[in-house]
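Down below is the structure, laid out as structure tokens.
The values are calculated or read from the model by the stated rules, or taken from the named source; none is laboratory data. Predicted, not measured: the structure shown is a model, and the values here were computed from it. Here Cβ is always computed from backbone atoms with ideal geometry, including for glycine, and neighbour counts include all displayed protein chains.
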Amino acid sequence: MTNHRPATSREWLFALARIYLGVSFFFSDHGNARPNELAGFLKYSLAHGYSWYAGFLNTVVISRNPTFGWLVVVAEIYVAIAFILGLTTRLAACLAIFLLLNYLCAKGAVPWGPGIDQSDIILAIIILFSNAGRVFGLDAFLHKRFPRIPIW
């Protein structure tokens, strides 16, 4: 006997949101590993971002520019692959929220300002608290095998 039941239409919408956000991260313009890309974004952030966040950028990020540039690219690729495949979806949602909040602070955008980071944060929160990875994703298989691990 299996406990498998068909996914509801609401769960399919969560899965669709997960896949959409994964594709969005895959084609993101935040990190393409181009030379001096992060330096240009940091220069913009120091001029337009929140002042308290600019202090963090000056003391931590700018001195380690290549490392942070690499970390952003790797994190975005992980989030994209995890969301598209439905693999460790909740862990990827946490990382996506962290990245998107940092982009928002670096841009200095008010919550109602232009851009899609705000709506992507909302989608990532919905994905975090739903079972989006268990519908048309690998998390369904992992959850059957390891039901007590909360990242799927």
Item checked: Residue ranges of helices (runs of 4 or more DSSP H) in region 56-152 with at least 1 members β-branched (V, I, T) and closer than 15 Å to F25 by Cβ -> 65-85, 89-107, 117-128
Check: Among the residues of region 111-120, is there at least one that is modelled with pLDDT of 90 or more and within 20 Å of F56 (Cβ to Cβ)?
Finding: no
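Of all the residues that make up region 62-83, how many are closer than 20 Å to R134 by Cα, hydrophobic (A, V, I, L, M, F, W, C) and either buried (at least 18 other Cβ atoms within 10 Å of the Cβ) or under 10 Å from the mean Cα position of the chain (by Cα) (or both)? Spell out how you get there, then give the answer.
Our first condition is that a residue be closer than 20 Å to R134 by Cα; within region 62-83, this holds for 78-83.
Filter once more, so that each one left must be hydrophobic (A, V, I, L, M, F, W, C): 79-83.
This time we only want the ones that are either buried (at least 18 other Cβ atoms within 10 Å of the Cβ) or under 10 Å from the mean Cα position of the chain (by Cα) (or both), so: 79-80, 82-83.
Looking only at that region, the number is 4.
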Check: Any idea how many residues of region 1-49 are surrounded by 16 or more Cβ atoms within 10 Å (Cβ to Cβ), modelled with pLDDT of 75 or more and assigned to a loop (DSSP other than H, G, I, E, B)?
Finding: 2
Item checked: Count - residues of region 132-152 that are within 17 Å of A82 (Cβ to Cβ), modelled with pLDDT of 90 or more and not small (G, A, S) -> 9
Check: So F129 clears everything in (1) exposed (fewer than 13 other Cβ atoms within 10 Å of the Cβ); (2) in contact (Cβ under 8 Å) with a residue 40 or more places away in the chain; (3) under 27 Å from A7 (Cβ atoms) except one condition, right? Which one?
Finding: (2)
